[in-house]
Each structure stands twice: as structure tokens, then as C-alpha cells.
1. Just want the answer: with Cβ charges of +1 for Lys and Arg and -1 for Asp and Glu, which residue in ILE128, SER76, GLY15 is farthest toward the dipole's positive end in the chain?
2. Just to confirm the filter: which trypsin sites (Lys or Arg not before Pro) across segment 28-81 are DSSP coil and have at most 12 other Cβ within 10 angstrom of their Cβ?
3. List the residue ranges in the chain for DSSP H helices whose C-alpha atoms run 24 angstrom or more along the long axis and whose Kyte-Doolittle average is -0.5 or above.
4. Give me the aspartates and glutamates in straight-line cross-link reach of LYS28: C-alpha distance below 18 Å, same-chain residues under 8 apart excluded.
5. Amide H to amide H under 5 Å from VAL114: which residues, 5+ apart in sequence or cross-chain, H placed 1.01 Å off N in plane?
6. Okay, helix-only estimate at 222 nm for the chain: each DSSP H run of n ≥ 4 adds -39500 (n - 2.57), divide by all residues, round to 500 deg cm²/dmol; what do you get?
7. Contour minus end-to-end for ILE3 and ILE128, with contour as 0.36 nm per residue of separation and end-to-end as the Cα-Cα distance?
8. Mind jotting down the three principal axis lengths of segment 29-170 based on Cα atoms? Whole angstrom, largest first.
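Readers should treat all values here as calculations from the given coordinates under stated rules, not as data from a laboratory. Keep in mind that what you see is a predicted model, and the values were worked out from it rather than measured. Counting neighbours? That spans all protein chains shown, and the Cβs are built from the backbone with ideal geometry, glycine included.
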Amino acid sequence: MAIETLFKDVCSQIGEIDAVVHCAGIQKTLPLQALKEVDFDNVFNTNVKSAQFIAKAYRKKNRYNKKGSSLIFLSSVAAVCGEPAISTYSASKAALQGLSKSLSKELARNSIRVNCIAPGHVETEMAIEFSKGLTDDQNKRIHDKHPLGLGKPEDVAYAALYLASNLARWVTGTTLYVDGGYSAQ
């Protein structure tokens, strides 16, 4: 498996890893009637299955810092704020939050903290591509739902830096919403 090979290679070069951020994700914007099983499987394999097996590979002996490590999954506000035509994406990001809670209890004895970051609409390549398929009115609605405006990648990176650091040494099993106020509605 590629994940296992990656961990073996990295750990053989640098030793124990203090933090891992799982930020793989795909989104298929499809109304329910257009959804195909292959689309569903692709989203869940990329967004959830990969996270599960990264956690499994990270947990192995001599791969994590026994004095305290951090595993961070990128979820989304879509996990708790539904929108039309992204039900599969929303479900996959909600699954990450459930996975995080379960793993936080399972891995605590190994001093591995497990958390999620749930960004709102961040100006990334994926979000820009998504926006191209929307009308001007739809894009305006997205902007209007973020009282502090749309996010930048560094907004999410700062949250990951916090969760990976010792400043968050007593934080596990939680989701940090970095969404410019989107989820407050």
C-alpha cells in the first residue's frame, strides 16, 4: 500500500514524526439524481479511507513521537452545514469528524492527539474550480455566508500549526472551525 511505503520511507530518513496533517480531498458537485456509485466511492476513498489508513500507519512503533504527537484531518463546514448537490462530500467530511473522535480515544494512550479542522470556503484551486461552475448569484451567496470574508490557505495552515504544537497539548477529539463565521448561522 502506498501509505505504508510512504511512512516507512519518511521514518527511515527522519525518525519519529511529530505531526501529520491529512489534507487530501475531492468534491463532486452532483445532485442526488445524478450521483453514481463510482462518484461516491471516489469521494469516500479519497476523503475518508485514506485518513483511516494514514492513522493506522502513523500509529505503528517508532513512527510517532511518544512524548506527544498530533494527527489532524481536514474536514469542512459542509459536515454540519448542508448545501445542495454536495451530499456525498458533506457526508465524507462528517465521517472524518466521527473518525477523529473515535481515534482520539483510541490513540490517547499513545500520546497521539487527533483533531479536525473544518474550514469554510477557502480560496484554493479546488474552491476556485468549484466556483466556476456556479452562477454569479450562487457565488455571491457563498461570499455572503462568510461574515469575515472567504479564507486564505494560510488561515487553515495557522490552525494546523496550533493543533500540531504543544500549545494544543490538551486538545484532542475536537473540530476547530476556521470558517469566517459561516457555521455561526
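1. Checked the options; the winner is GLY15.
2. On the way: sites: LYS28, LYS36, LYS49, LYS56, ARG59, LYS60, LYS61, ARG63, LYS66, LYS67; in loops: LYS28, LYS36, ARG59, LYS60, LYS61, ARG63, LYS66, LYS67.
Taking segment 28-81 and a limit of 12 other Cβ atoms within 10 Å, the loop trypsin sites (Lys or Arg not before Pro) found are LYS36, LYS60, LYS61, LYS66, LYS67.
3. Details: long enough: 87-107 (29 Å, -0.25).
Membrane-span-like by this criterion, though nothing is claimed about a membrane: 87-107.
4. GLU37, ASP39, ASP41, GLU83, GLU123, GLU125, GLU129
5. It is LEU71, GLY173, by chain and number.
6. Numbers: 7 runs with 80 residues, N = 185.
Calculated mean residue ellipticity at 222 nm is -13000 deg cm²/dmol.
7. Value of the extension gain: 42.2 nm.
8. Each principal axis gives a Cα extent; for segment 29-170 these are 50, 36, 22 Å.
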